[in-house]
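Right, one structure below, let's go through it.
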Amino acid sequence: MNSYTYNQLVAYVRERGVKRSPRGLETFEIQNAMLRVKAGTLINRTGINYKLALVESAMLLGGFFDIEAIKAAAPKANHALYLKQSDYGPRVQPQFERVYRAISDDVQTRRAILYFNDRAQPNDDLACTSTLQFCLDPYTLQLNTIATLRSWDIVYGMPMDLVMYSMAANMFANALGLPLGYIH
């Protein structure tokens, strides 16, 4: 297993990724990648705005979406990026009780999944994150949180996702009295 610093990871993707231009934006793509990190890992990069990460986390856990809170936390951000696809809270929070019950009823379940999209959703409204799955690792006996994404930006998205999804993971692990693991 390779271990990279954040900057090495970015360099790896730039060097080995396939150049793509979805929606006219140049990117470097590596498909089917997996990153295992310690829950709560904070990425320190130039320009990171952890106020925005905390606002996004509050909206996810609280079940709401508030563009004005995003604007207040990140006044210089491109707020058009936070419209339809970013309303994670209203999409996901109503599923918390079902996921909690699935794990608490059967700690070995593989059905404790939060869905960020539904089948009826139009393609222009799909969230970048597809699912968060919570399952007990039989070897470490920790609650692993597995984030699955259809599209993942390691420069802007990943640092925020790690904060937001680690907070959701911590919520479930604490409620269940389990140690926590995290896979992105």
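When the alpha carbon gyration tensor of the chain is reduced to an equivalent ellipsoid, the three semi-axes, largest first, read 26, 21, 16 Å. Within the accessible surface of segment 1-84, defined with a 1.4 Å probe on protein heavy atoms only, the carbon and sulfur portion equals 53 percent.
Per residue, the convex hull spanned by the Cα atoms of segment 1-105 measures out at 165 cubic angstrom. Separation of segment 77-111 and segment 4-40 by C-alpha centroid, Å? Computed from Cα coordinates, the inter-centre distance equals 24 Å.
Solvent exposure of the chain, expressed per residue, is 61 Å² of accessible area, with all protein chains present and a 1.4 angstrom probe. Charge dipole of segment 6-84 (Cα centre as origin; +1 on each Lys and Arg Cβ, -1 on each Asp and Glu Cβ, all else neutral): 220 debye, rounded to the nearest 20.
A Gaussian network model of the chain, with springs between Cα atoms under 10 Å, assigns the largest mean-square fluctuation among Ala58, Ala169, Ala120 to Ala120. Given the options Arg14, Arg23, Arg150, state which has the largest fluctuation in a GNM of the chain using a 10 Å cut-off (strictly under) for Cα springs. Greatest mean-square fluctuation among the candidates belongs to Arg23.
Here the sum of -39500 (n - 2.57) over DSSP H runs of 4 or more residues, divided by the residues of the chain, equals -11000 deg cm²/dmol at 222 nm, to the nearest 500.
Distant-in-sequence amide contacts of Glu29, defined by a placed amide H-H separation under 5 Å and a gap of 5 or more residues or a different chain, comprise Val18, Lys19, Arg20. Met34 contributes about 120 Å² of solvent-accessible surface, heavy atoms of the protein only, 1.4 Å probe. In this Cβ point-charge picture (+1 for Lys and Arg, -1 for Asp and Glu), segment 50-184 has a dipole of about 40 debye about its Cα centre.
Nonpolar atom fraction for segment 122-184, defined as the carbon and sulfur part of the 1.4 Å probe accessible area, stands at 58 percent.
The values are calculated or read from the model by the stated rules, or taken from the named source; none is laboratory data. Since this is a predicted model, take the numbers as computed values, not measurements. As a convention, Cβ positions derive from the backbone with ideal geometry for all residues, glycine included, and neighbour counts pool all protein chains shown. Just so you know, the surface numbers come from the protein's heavy atoms only, side chains and all, with ligands and any DNA or RNA stripped out. Shrake-Rupley method; radii C 1.70, N 1.55, O 1.52, S 1.80 Å.
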